[in-house]
1. Inside the range 1-79, counting only helices (runs of 4 or more DSSP H) that do not spill past its ends, which hold 2 or more residues that are open to solvent by less than 40 Å² (accessible area, probe 1.4 Å) and touching a Phe, Trp or Tyr at 6+ places or on another chain (Cβ under 9 Å)?
2. Considering the range 130-168 alone, what residues qualify as being part of a loop (DSSP other than H, G, I, E, B), among the charged types (D, E, K, R) and without any contact (Cβ under 8 Å) to a residue 60 or more places away in the chain?
3. Does the range 91-107 hold any residues that are under 19 Å from ALA148 (Cβ atoms) and either surrounded by 17 or more Cβ atoms within 10 Å (Cβ to Cβ) or in contact with a Lys or Arg (Cβ under 7 Å, 6 or more places away or on another chain) (or both), and which are they?
4. Cβ-Cβ distance below 6 Å, separation of 6 or more or different chains: which pairs start in the range 92-112 with a residue that is under 15 Å from THR127 (Cα atoms) and end on one that is part of a helix (DSSP H, G or I) and modelled with pLDDT under 85?
5. Could you list, in sequence order, all residues of the range 68-82 that are touching a residue at least 24 places away in the same chain (Cβ under 8 Å) and either among the acidic types (Asp, Glu) or farther than 25 Å from ILE18 by Cα (or both)?
6. Regarding the range 134-148, can at least one residue be identified that is within 16 Å of the chain's Cα centre (by Cα), among the hydrophobic types (A, V, I, L, M, F, W, C), surrounded by fewer than 16 Cβ atoms within 10 Å (Cβ to Cβ) and over 16 Å from ASP53 (Cα atoms)?
7. Regarding THR127, is this residue part of a loop (DSSP other than H, G, I, E, B), among the hydroxyl-bearing types (Ser, Thr, Tyr) and buried (at least 16 other Cβ atoms within 10 Å of the Cβ)?
Amino acid sequence: MPRRYDPERRQRIIDAAIRVVGAKGIAGLSHRSAAAEADVPLGSTTYHFKTLDELLVAALRQANEGFAKVAAARDGLRDPRTDLAAELAGWMSEWLAGDRNAIELEYELYLAALRRPALRPVASECTESFAELLSGRTDPVTARALVALIDGICLQVLLTGVPYDEAYAREVLGRVMAGAGPRGTGE
């Protein structure tokens with residue numbers, strides 16, 4: 001039987017892996033579970049992704065791209081006339097009010113880098129690109145601190161079930177920014 005040309009197969013496998021992780025967690029992901037979810041032969045998953053870590057890297061990279069698009073769409077993050085703390089707090093409010101399963105999935109993939117070193121460069125890309133975006137409005141050190149604070153607030157909301165408090169977020173983000181050095185110097 002001739003091999004069927006399927007240019008979308010790799011992407012379908014990545015999408016399937018994301019669905020499996022969303023439903024069963026990272027522990028539920030295997031080449032076999034991704035193949036079943038994508039409705040492709042098992043050999044297709046191992047052809048495109050030699051290891052499970054390669055598949056997880058592709059899934060995390062795709063999740064990061066979605067996050068980056070959402071952040072980049074916020075013009076206020078680049079507009080020097082906007083209150084950056086208020087803009088970030090509003091952005092977090094919108095993001096956390098979105099699809100909770102998708103947000104939890106993104107964080108699960110992101111935090112998987114703790115135990116899977118192959119994921120660390122991709123997780124790092126996400127935080128570095130967000131800090132780079134914020135560096136257009138503040139110094140690089142403060143931008144990194146803002147990313148860390150945002151991660152912390154989001155994780156607290158996701159883990160504790162405590163509702164997101166936009167006023168609190170705006171206040172603490174503003175405090176971090178109040179201690180910022182001159183833009184671009186990190187001093």
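1. Details: elements: 9-24, 31-38, 42-48, 52-72.
Helices (runs of 4 or more DSSP H) meeting the threshold: 9-24, 31-38, 52-72.
2. Pass one, the range 130-168, residues part of a loop (DSSP other than H, G, I, E, B): 136-139, 161-165.
Adding the requirement that they be among the charged types (D, E, K, R) leaves 137, 139, 165.
Those that are part of a loop (DSSP other than H, G, I, E, B), among the charged types (D, E, K, R) and without any contact (Cβ under 8 Å) to a residue 60 or more places away in the chain: ASP139, ASP165.
3. Listed by number, the residues that qualify are TRP91, MET92, TRP95, LEU96, ILE103, GLU106.
4. Partner pairs satisfying both residue conditions: GLU106/ALA63; LEU109/ALA63.
5. Going through the range 68-82, the residues touching a residue at least 24 places away in the same chain (Cβ under 8 Å) turn out to be 68, 70-72, 77-78, 80.
Matches in the range 68-82: LEU77, ARG78, PRO80.
6. Yes: one or more hits.
7. no
Okay, residues lined up against (1) of a type outside the set (A, V, I, L, M); (2) more than 20 Å from LYS69 (Cβ to Cβ):
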{"position": "LEU84", "(1), (2)": "no, no"}
{"position": "GLY90", "(1), (2)": "yes, no"}
{"position": "ALA143", "(1), (2)": "no, no"}
{"position": "ALA167", "(1), (2)": "no, yes"}
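The values are calculated or read from the model by the stated rules, or taken from the named source; none is laboratory data. Just so it is clear, the structure is predicted and the values come from calculations on it, not from any experiment. Reconstructed Cβ throughout: ideal geometry from the backbone, glycine too, with neighbour counts over all protein chains shown. Areas reflect the complete protein model, heavy atoms only, side chains present, ligands, DNA and RNA absent. Shrake-Rupley method; radii C 1.70, N 1.55, O 1.52, S 1.80 Å.
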